[in-house]
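In what follows, a single structure is set out as structure tokens and then discussed.
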């Protein structure tokens, strides 16, 4: 899952990026609205964390701009503006959730998971395909009831594939979802993680669609 | 209680009574004089009419009105009394002819005497009759006044009460004001005499409202701005808790320390600014030598500047540059300017602090060769919590607001210009006569 954090404060932005990466997201962090516009123009994000008090064009303006462009990306506002009127304005401008500073990092993660779950049209937090289940909150993956240990990257790839079973994702799409801008990607990093996943789950779960990419089947 | 109503009532009634008494006295005097003239003439007429009378008969018709108490006495040429109308009263003897005022045991008498063919005729009247008549006249003029006095008092009471009602209304409308509703008092219906009071009150209310609003804005801003460092702190603490190995933990701890330092800095700056806000009382002013300030401030920031390879020093120092001010506040002002310069000047830069004076003014100057501030932003950077975009360094957003507040207290002017080297030059000018 790839996230964009729009936050002008260096300390908050840095901590958010660190914390969200620990949760298995790939995170891009920008500090003003111009950089945010550029980022959304060039990259598809799964969700955006948006601070409102940005220098230059404000966060609300940015949000209105995305919505006007029919960009459906889930947006979670994180801001110090706590009045009811401001919350209403934020949500009515097109935000999907509103979190007032200071906030708890775990709560932020939970709200993000809820946003991503809603976006994929699922009601339950745990994704299940037959005997294979993946819990985005606890990072728990179970096959036939027994827990499978996955690295953060392996979990990220499996999560992305299980979000849309039956739909193949290309290597570059997977890279986009896994790595932020500043991260070095080895030329065959995705293949290495796919290989490890197949070894742990069995090769039936991760199928190669030649010339297109990888997918998790709807039925095992 | 010092009541205008009671005072007015007593003064007005007192003044009216005094005028009334003077009026009564004047009436009495005038009536007395008139009575003298009339009765003197009367005495003479009676005496003249007695010349051809036969004194065996009654003279009652002559004497007339009983209440005028005329007394007639007649002697023959041998001095033998041949007639005395009221022998029971003691009439004075005749000392001389014509008018005379005589005193006997029966009181003062007015006497008129004449001689005619050997007869001496004297007609007398007690003066008390005249006084009584005059007093009655005076009393008659006073009675309506005395009867009307309670009515007049009541009228005064009512009129004064009615005219004072705007004052009562004013008191009520002042009492209705609360710290939340300090709108000015309406000036309709206010009598001209109360205008200065209402104007001063409205003036005070307006100033109070401004002061309160400033405080409220400040608290709202402060609460809002404290959220940012606190958010960072909370995230940093959680990352520290999550850290699984030593290197993560060390990195998280370093971040947390920075976050804490920033929070402390913001709180300290907030308190400094709160102390400099208008209405926090005037500190004692004393002569302050700007050169001492510059030396102290440069010394305090030397280590921080050296750590960033910034050449911080005093460029020009004028030992005579002296201003009247609060040394602590001025030190805070200069520390903020030098601190800002150290924070925003890139490594390897140069910062010059100088002070000087001429006949009109004394000044402090801090110039650097950093990125400067574009002219368009030079007014806004003095706003509380204003942060310029694209700043790597996280300040409190309060430094220049503090500088402006302290400068205002010293009637000094703060000017941002381009430094010759391309950076920012901040100049604080103190007027000498201020």
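The values are calculated or read from the model by the stated rules, or taken from the named source; none is laboratory data. None of these values were measured; they are calculated from a predicted model. Here Cβ is always computed from backbone atoms with ideal geometry, including for glycine, and neighbour counts include all displayed protein chains.
Structure notes:
Listed here are the residues, each with its yes/no results for (1) over 30 Å from residue A:59 (Cα atoms); (2) in a helix (DSSP H, G or I).
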residue: B:324; (1), (2): yes, no
residue: B:342; (1), (2): yes, yes
residue: B:347; (1), (2): yes, no
residue: B:353; (1), (2): yes, no
residue: B:372; (1), (2): no, no
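- Among the residues of segment B:65-90, those that are touching a helix residue (DSSP H, G or I) at 6+ places or on another chain (Cβ under 8 Å), modelled with pLDDT under 80 and assigned to a loop (DSSP other than H, G, I, E, B) comprise B:69, B:85.
- When residue A:137 is tested against (1) modelled with pLDDT of 85 or more; (2) within 23 Å of residue B:235 (Cβ to Cβ); (3) surrounded by 13 or more Cβ atoms within 10 Å (Cβ to Cβ), only condition (1) is not met.
- For residue B:383, the conditions (1) free of Cβ contacts under 8 Å to residues at least 24 places away in the same chain; (2) crowded, with 17+ Cβ neighbours inside 10 Å all hold with the exception of (2).
- Here the condition is being within 14 Å of chain A (Cβ to nearest Cβ) and either in contact with a strand residue (DSSP E or B) (Cβ under 8 Å, 6 or more places away or on another chain) or under 29 Å from residue B:385 (Cα atoms) (or both); of B:211, B:220, B:206, B:181, it holds for B:220 alone.
- Residue check for residue A:5: in a strand (DSSP E or B) and either modelled with pLDDT under 90 or within 21 Å of residue B:227 (Cβ to Cβ) (or both): yes
- Of the helices (runs of 4 or more DSSP H) lying entirely inside segment A:137-220, those containing at least 1 residues that are in contact with a strand residue (DSSP E or B) (Cβ under 8 Å, 6 or more places away or on another chain) and under 24 Å from residue A:115 (Cα atoms) span A:152-163, A:171-178.
- Checked across segment B:363-383, the condition of being in contact with a helix residue (DSSP H, G or I) (Cβ under 7 Å, 6 or more places away or on another chain), in the same structural domain as residue B:317 (by TED's automatic domain parsing), modelled with pLDDT under 90 and on the phi > 0 side of the Ramachandran plot holds for no residue.
- Condition check for residue B:376: within 22 Å of residue B:293 (Cβ to Cβ) and outside any strand (DSSP E or B): no
- Condition met for residue A:51 (under 21 Å from residue B:255 (Cα atoms), over 11 Å from the mean Cα position of the chain (by Cα), modelled with pLDDT under 90 and within 12 Å of chain B (Cβ to nearest Cβ)): no
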